[in-house]
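Shown next, in C-alpha cells, is the structure this report addresses.
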Amino acid sequence: MKRNIPLVIGVTALFFILLNWYVISGIRVVVSSPLAVYCFLGAILLILISLSFSLVQIGKTGMTGVSKTVAHAFLLTLVGQLVFVSVLLPMDIFRVLTAAFTFVSQGKSFIPERSVHLTEFAIALSGLSCVLFVYGILRGKYAYRVIKHELFYNDLPTAFDGFKIVQISDIHAGSFGNKKSVQKGVDLIKAQQADLLVFTGDLVNNKASEILPWIDVFSQIRAPFGQFSILGNHDYGDYVRWPDTIAKQRNLQALKQYHAKLGYQLLLDEHVVIRKGSDEVILAGVENWGLGFGERGDLKKAINGVNDNAFKILLSHDPTHWETIVKKHPSKVHLTLSGHTHGMQVGLEALGIKWSPVKYRYPHWAGIANFNGRYLNINRGFGFLGFSGRVGIWPEITLITLRKKQENSEITSAV
C-alpha cells in the first residue's frame, strides 16, 4: 500500500493539473480579470497540497476529521469541474469539426469562438452540482425513505401470505455523527411494524467499537419473529492496521457480541426455522462472499439438512454471491437479501431514470432482480462510507411483503 501512495498522488496531480488547465481556458471566456484566475489557481493548489498530505496521513492513521474535510473539498471541486467540462468539451469538439470542415471545403483556417452563453450555462450547472453535493453532505445522508416490494410465489406456505420483512443494510456506524437524525431513521423502521427484521451486513467501517455509541438506538428495533443479521466485508477489520492477528480476531469477536447486545441473532453459515402456525420458512445467513471482497461464506453449510423444496430466504451481503452461485444453486433459494453497493451514494433515480456510476461494477446494483423465480433485493444502505453524503441515492429501509401467488399477480414496488 505504501509503495502505491506516491503513484496515486502523481497520477491524481497530473490529471488535476490538466483538468484545471482546461477549466481555466473556459473560464477566461467570461472572466477577464487575471486576479480572479490567480485566486482560482491558488485555491486549487491549496486543495491539491492538502490532499497529498491527507493521503499520506490516511495511510498511517486512517481517516480523520481534517482528512475528511480535505477529501470533501477535493470532491466538490472535482465534481464541479467535471460538470463544467461536460458542457465545454462537446462545444470545443464542435468548434474543431467546424474548423476542419471549413478548411477542407474552403481552404480557410478558421476556428469559431467559444459561446459566452454556453460557457455561462456550464458555470451555472457546475455551481448547481456543488450545491447538490453540499445538500447531500448536510441532509441527504439522513434522508431515509421506505421502499416497498410485494413478491409473489406459487410455493409460499399459506400462513406466510402477507408476511412482512424489513431489511436494512450497511449501517457503517463509524460514519454517523447526528444521533437525532439516525433516531428518525430507526423510528421509520419501527413504524413499518414488520414481522421480521433482517440486517445484511457492514455494521461498522473498521472497528467493533464504532457501534458502541449506537447500541441504544439500533437495539430499539424489535419484530415478532425476531431480528437476524450477518457480517459484511467491512466487519472483519480488513481495511485497518492491527498490532497483530490476535487483536484483529478479538475485534471480530467483540463485534459478534455487539450483535447480540443489539438483539440481533447473527447467522454465520447457518439457518433458523421461522414458524407460523403449522407452516415454516427457512432463514439462512452466510458470512461475506463477494468477488474481490473475500469469499468466506459457505451456502452449502448454511442450508445443510434443509429440504430442497423448503421455502428459503438467504441473507448474503454482497450481490455477486447471488449472481455467481445462489441463483443457479441446485437447492432453490427463493429470496436473497443483499446490500454492499450503496448505489455508490450518488446517482439519479427519477423520471424513469435509474443510473449510478456503480452500474459499471455491478450491472444490477439496487432493488429487485429475478432469475427463474429466484429473487434478489439489493438494499441501498442505511448509512454511508467514504463520501459523507448521498445525492440522488437516498438511504433505504426496505419493506418486503411475501404473497401467495394468484393468477396474473406480479412484483409491485413503491416508495
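Numbers for the structure displayed
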{"item": "Helix axis angle, 65-106 relative to the chain longest principal axis, alpha carbon, degrees", "result": "50"}
{"item": "Whole-number accessible area per residue in Å² for the stretch 292-354, which is evaluated in the context of all protein chains at 1.4 Å", "result": "45"}
{"item": "The chain: angle of helix 34-61 to the longest principal axis, Cα-based, in degrees nearest 10", "result": "30"}
{"item": "Linear extension gain, V240 paired with T12, 0.36 nm per residue minus alpha-carbon span", "result": "79.8 nm"}
{"item": "Unit Cα scatterers, Debye sum, the chain: log10 I(q)/I(0) for q = 0.07 Å⁻¹", "result": "-0.42"}
{"item": "The stretch 114-202 - percent of accessible surface contributed by carbon and sulfur, probe 1.4 Å", "result": "58"}
{"item": "The stretch 342-355 - phi-based ³J(HN,Hα) in whole Hz, Karplus 6.51/-1.76/1.60, Gly and Pro as x", "result": "6, x, 6, 6, 9, x, 9, 10, 6, 6, x, 9, 9, 9"}
{"item": "Integer Hz, Karplus 6.51/-1.76/1.60 couplings in order for the stretch 308-319, x for Gly and Pro", "result": "4, 8, 5, 7, 10, 10, 10, 9, 9, 4, 9, x"}
{"item": "Residue-averaged 222 nm ellipticity for the chain, from DSSP H runs of 4+ at -39500 (n - 2.57), nearest 500", "result": "-13000 deg cm²/dmol"}
{"item": "Of K359/K404; K148/K184; K68/K184; K68/K179; K276/K354, pairs whose Cα-Cα distance is over 28 Å", "result": "K359/K404; K276/K354"}
{"item": "Carbon plus sulfur fraction of accessible area for the stretch 283-415, probe 1.4 Å, in percent", "result": "51"}
{"item": "Between helix 179-191 and the chain: long-axis angle, C-alpha atoms, 0 to 90°, nearest 10", "result": "50"}
{"item": "Beta bridges by DSSP in the chain, antiparallel share as percent, to the nearest 5", "result": "45"}
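The values are calculated or read from the model by the stated rules, or taken from the named source; none is laboratory data. A quick note: this is a predicted structure, and the numbers were derived from the prediction, not measured. Heavy atoms of the whole protein, side chains included, go into the accessibility calculation; ligands, DNA and RNA do not. Shrake-Rupley method; radii C 1.70, N 1.55, O 1.52, S 1.80 Å.
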